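For reference, the structure is listed below as structure tokens.
The values are calculated or read from the model by the stated rules, or taken from the named source; none is laboratory data. These numbers were taken from a predicted model, which means no experiment stands behind them. For neighbour counting, all protein chains shown are included, and Cβ atoms are generated from backbone atoms with ideal geometry for every residue, glycine included.
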Amino acid sequence: MYRFLLSPRWVGLAVFVVIFGALCIRLGFWQFDRLEHRLDRNEYISANLAAAPVPLDEVHPPGHEITDVTQWKRVTVTGTYDVEHEITVKFLTRDAGPGVDIVTPLVTKSGTAILVDRGWLATQNGPQRPDDIPEPPDGTVTIVGWLRADSGADDHAVKPTDGQVRAISSAAFADFVPYPLYEGYLNLRTQDPATTTALDLEPVPEQGQGPHFFYALQWWFFSLIGIVGYFWFARTEAQERRQRASEAAAASEVDTMAEPVSSH
């Protein structure tokens, strides 16, 4: 009764179910890999947030990449703010509403600058850069900030247009300043001397597990649905064929009994 499973249609369906199930299982393991990476990242973040600030060049000299090990590390650096090349990061929303981040290069004594996200300013969402941006301290300033990696967004988001961007990238910003830049940027935490008008600083990063565990279970559930569905449809098909065969046999028996008996 199950010989129909060898037909091209059912063989093709079986191949599809196997491929689909294997893909879902692989995606489930991929989500667990992402979960493990996130947990490792959380350990680095917790350690970096709790550690004392260290000089920028000790952990991130010019030309070095920012990794999970150095991301969110607290560093200290001294220099002067270059307001002339200041930019805003638009379309950023917090609990208070829409606003922008203010990013100002801090030029160090060596001549290399680091981009500093000085904080968030509440504004109306719109194409125009706000005019009432608080000024940073004049002269030499020493800051403590979180070390952050460049955004991986496309060029349209990270290249300054009319003094605005949608994401921060030192690589994209390098063509718009007359000095070399450290890779990445800093989220300002403290500065000396302080400003009279403070901006809202970057909040502490969220360190939850994210949805990866449940996504993994979801993918494996999809795989199970595919396998169970195949056997359910096969059983249903077999029952229907068995029913049709029984009905055909019954009809044949009725026809035989109804045939007239010939007389001699």
For this session: Give 5, 39 a once-over and let me know the one that is surrounded by 13 or more Cβ atoms within 10 Å (Cβ to Cβ), within 25 Å of the chain's Cα centre (by Cα) and part of a helix (DSSP H, G or I).
Result: 39
For this session: Give me the pairs, please: first residue somewhere in the stretch 159-183 and under 13 Å from residue 127 (Cα atoms), second residue anywhere and at pLDDT 95 or above and assigned to a loop (DSSP other than H, G, I, E, B), beta-carbon distance under 9 Å, and either six or more positions apart or on two chains.
Result: 163/86
For this session: Kindly indicate which of 69, 83, 11, 17 is touching a helix residue (DSSP H, G or I) at 6+ places or on another chain (Cβ under 9 Å) and under 30 Å from residue 111 (Cα atoms).
Result: 69
Seminar exercise, completed: For the stretch 117-135 the number of residues that are under 25 Å from the mean Cα position of the chain (by Cα) and outside any strand (DSSP E or B) is 1
For this session: Any chance you could count how many residues in the stretch 190-239 are surrounded by 14 or more Cβ atoms within 10 Å (Cβ to Cβ), under 30 Å from residue 118 (Cα atoms) and not charged (D, E, K, R)?
Result: 7
Seminar exercise, completed: Going through the stretch 24-47 in order, the residues found to be touching a residue at least 12 places away in the same chain (Cβ under 8 Å) and over 30 Å from residue 204 (Cβ atoms) are 24, 25, 27, 28, 29
Exercise. If you take the residues of the stretch 136-167 that are in a loop (DSSP other than H, G, I, E, B) and in contact with a helix residue (DSSP H, G or I) (Cβ under 7 Å, 6 or more places away or on another chain), which of them is nearest to residue 201 (Cα to Cα)?
Worked result: 136
